[in-house]
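This report refers to the structure that appears directly beneath it.
Read the figures in this text as sums done on the coordinates, not as results from a lab. Computed from a predicted model, the values in this text were never measured in an experiment. Cβ atoms come from the backbone with ideal geometry, glycine included; neighbour counts cover every protein chain shown.
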Amino acid sequence: MTEIHNYFKAEKNESLVFVIVGATAILCGFYFLLVINSKFFNGLSWPLIFIAIIQIFVGIIIFFRSPTDEKRVTNFAQNSPKNIKNLEIIRMDKVMTKFKLYRYAEIGLALLGLILFLAASPTGFWRGVGLGIIIQAGIMLLADSFAENRGHHYLEFLKATFGEKI
C-alpha cells in the first residue's frame, strides 16, 4: 500500500528534521550561554535547550517507531483489514484529537513568550526567555501542523479504503 508507506516515510523524515532542529537549538543555546553570555542571550538559551531536548526525544521515538508501525498497518491491510477499522482508524482519531490539544498548548506557550518578551526590559533575561519560548513554540506549531495535515490525509485514506468495506 503506497499511501501507508508514504505516510510513515514522511513521519520518519519529519522526525529527522525534528532531531536536527533540536540539536541546532541546543548548540545555539550553549553558544549563547558560554560565548555571548549576556542576560538576554542567557534567557534565550534556556527555552532553546529545554524544548530542544523534548524535540530530540520525540524525534528519536518517532524515527525508530515508524518502520514498525508501517509493518503493522501494512500487515493489517493485507491480512486483516478489519484491524484497520478496529485499531488503526481508532488510533488515528485519537492522534488527531491530540494534535488539537498540542496546537492549543503551543499557541498558549507562544502567547506566554510574547507576554514575557513585551513585558521585560529590552536587554533582560526574561525578554530572552520570552523570545526563546516564541521561537520554540513556533517551530513546534509548524512541525505539528505538517504532521496534522499528513495525519488527516492518511486517516481519510484509511476511512475511504477500509472504513466502509468491513
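In this rough spin-label picture, where each label sits 7 Å from Cα along the Cβ direction, the ASN13-ARG72 distance is 2.3 nm. Using the beta-carbon distance between HIS152 and LEU112 and R0 = 22 Å, what value does 1/(1 + (r/R0)^6) give for FRET efficiency, to the nearest 0.05? FRET efficiency, HIS152 to LEU112: 0.20.
Counted residue by residue at 0.36 nm each, then reduced by the alpha carbon distance between them, the extension gain from ALA160 to PHE50 reaches 35.5 nm. Once the chain from ASN79 to VAL95 is taken as fully extended at 0.36 nm per residue, the excess over their C-alpha distance is 3.4 nm. Applying 0.36 nm per residue to the separation of GLU3 and ILE20 and subtracting their alpha-carbon distance, the gain on full extension is 3.5 nm.
Matching the structure-derived Kirkwood radius over Cα pairs in Å against the labelled list (1) 15.7; (2) 17.4; (3) 16.5 gives the label (2). Calculated mean residue ellipticity, 222 nm, the chain: -30000 deg cm²/dmol, from DSSP H runs (n ≥ 4) at -39500 (n - 2.57) each, averaged per residue and rounded to 500. With unit charges on the beta carbons (Lys and Arg positive, Asp and Glu negative) and the dipole taken about the Cα centre of the stretch 2-161, which residue among THR161, GLY59, TRP126 sits farthest to the positive side? Farthest towards the positive end: THR161. Take the alpha carbon atoms of the stretch 125-166, find their center, do the same for the stretch 61-104, and report the distance between the two centers in whole angstrom. First find each Cα centre; the distance between them is then 15 Å. Taking 18 Å as the cut-off for C-alpha to C-alpha distance, list the pairs among LYS9/LYS85; LYS85/LYS159; LYS12/LYS71; LYS12/LYS94 that go past it. In this structure, LYS9/LYS85; LYS12/LYS94 exceed 18 Å between Cα atoms.
Ranking PHE76, PHE30, PHE40 by how far each Cα lies toward the positive end of the dipole of the stretch 1-90 (charges on Cβ) leaves PHE76 at the top. Charges were assigned to the Cβ only: +1 to each Lys and Arg, -1 to each Asp and Glu. The resulting dipole of the stretch 1-124 about its Cα centre is roughly 300 debye. Using C-alpha pairs under 8 Å with a sequence gap of at least 6, the mean separation divided by the residue count of the chain gives a relative contact order of 31 percent.
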